[in-house]
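Just below is one structure, and these are the notes that go with it.
Nothing in this text is a laboratory measurement; each read-out follows from the coordinates by a stated rule. Everything numeric here is computed off the predicted structure, so don't read it as measured data. With ideal geometry, Cβ positions are generated from the backbone for all residues, glycine too; neighbour counts draw on all protein chains shown.
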Amino acid sequence: MQINRTYTSRGTSIDVASIGAFGSQFADKMFVMKYNEGLGWHDAAIRDFEPFVLSPASLVFHYAQEIFEGQKAYKWEDGRIVLFRPEMNVDRFNKSAERMCMPVIDEEFFMRILMETTWENRDWIPQKDGYSLYIRPTMIATEPVLGVRPSSEYIFFIINSPIGHYFSEGYKPVNILVSDGYVRAVQGGVGEAKTGGNYAASLRIMKDARKKGFTQVLWLDGRENRYIEEVGTMNMCFIREGKLVTPALTGSILHGVTRDSVMVLARHMGIDVEETRLDIDEVCRDIDSGKITECFGCGTACVISPISGLCFREKIHTVDGGKIGKITQSVYDYLTGIQYGKIKDDFGWIREVTELSG
Ligand SMILES: *Cc1c(COP(=O)(O)O)cnc(C)c1O
């Protein structure tokens, strides 16, 4: 399929100093294509970043048939533009699509869309350590009908947002609140899909957490309210007796690209890795006794977020004095080193974006 260029904007670019809160400003071009049952995907175009005109009856507004992805483009010191393991996002997007009864996108074409859109917005990629262009592929159900069923029409789009650090606190350890009662996802639900409703459902407790002074919430499993799942938009990792432990993917946890990369890098650094069930009471005990020495969240947006302590049932369990752990720091340095071209990529994770890729 041909990707048309219909944009009119030219010459605007990013001023690094003006980058504000995460995802609060946007590159001036976006990718859009449409889907109709029987016709498939059509009318692919890179056009000006502009509003959509949609019927108020569009299915997405009523029943939340929506999925998205989150990835980043980096501009290296030598001017090269790269993506990090983009095929993992493409694969996960199509898995989310299948779960939500939405049409998939040919993987090769998806990669081309990512490359070409990133290239067209290349002047919006901040060239600075810790900064990047956030890429948000999204699909919404647009058929105007109020019956509850899969839509026969969709819009797929990609918008880009120049970003700095995810948390306003920067790379600083934070305490997080363990949810005791509210759940994010259950087995058989849609926790593995990156679908909007998961995040709408998390707002209530996020609001309570903020009021109590916490920026993030740690979710326990939906059945027994006992096993650690994940945090907001991050997967969880602990260092327990020198070993990296992380909750196994049980069906309600999002399969994070960063989680996978952290496990690969840790093993490469000679650290044992274990995917297992983590009982919250046991974890709190191990934190208090010093068996657990480090704790961090990991996700594309925040990369690695050191966690200084867990607040569970009104009691704060501080991890080793609340400082950034040694392993946390080395994993962060290794991962960001690869992403920013400072360390050789021995894993085949980097994909360069060039004009020829378009
Ligand atoms: C996106 C996301 C993650 C992190 O996944 P990455 O691929 O590492 O960015 C973790 N948990 C949830 C709920 C997410 O939405």
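Sorting 181-190, 45-54, 207-216, 125-134 by their mean Cβ neighbour count within 10 Å, with the most densely packed peptide first, gives 125-134, 181-190, 207-216, 45-54. Annotation note: trypsin sites (Lys or Arg not before Pro) in region 232-315 located in DSSP loop regions with a Cβ neighbour count of at most 16 within 10 Å are 277, 291, 313. Rounded to the nearest 500, the helix-only mean residue ellipticity at 222 nm of the chain stands at -7000 deg cm²/dmol, with each DSSP H run of n ≥ 4 adding -39,500 (n - 2.57). Return the whole-Å distance between the Cα centroid of region 221-250 and the Cα centroid of region 67-110. Region 221-250 and region 67-110 have Cα centres spaced 25 Å from each other.
Return, ordered by residue number, the residues of region 242-267 whose backbone nitrogen is under 20 Å from a label point located 7 Å along Cα→Cβ of residue 224. Those under the cut-off are 245-254.
Show me the GluC sites (Glu not before Pro) within region 168-259 that DSSP assigns to loop and that have at most 12 other Cβ atoms within 10 Å of their Cβ. Sites meeting the loop and neighbour criteria: 169, 224, 241.
The long axis of helix 257-268 is offset from the longest Cα principal axis of the chain by roughly 50 degrees. Determine the distance separating the Cα centre of region 268-295 from the Cα centre of region 163-220; give it in Å without decimals. Region 268-295 and region 163-220 have Cα centres spaced 21 Å from each other. On full extension, the segment bounded by residue 318 and residue 48 gains 92.4 nm, given 0.36 nm per residue less the C-alpha separation. The modelled label-to-label distance between residue 212 and residue 99, using points 7 Å beyond Cα along the C-beta direction, is 2.6 nm. In this simple spin-label model, placing a label point 7 Å from the Cα along the Cα-to-Cβ direction at both residue 329 and residue 15 gives a separation of 3.6 nm.
Here residue 72 is the anchor, and the lysines within straight C-alpha reach of less than 28 Å, apart from those fewer than 8 places off in the same chain, are 29, 34, 95, 128, 172, 194, 207, 323, 326, 342, 344.
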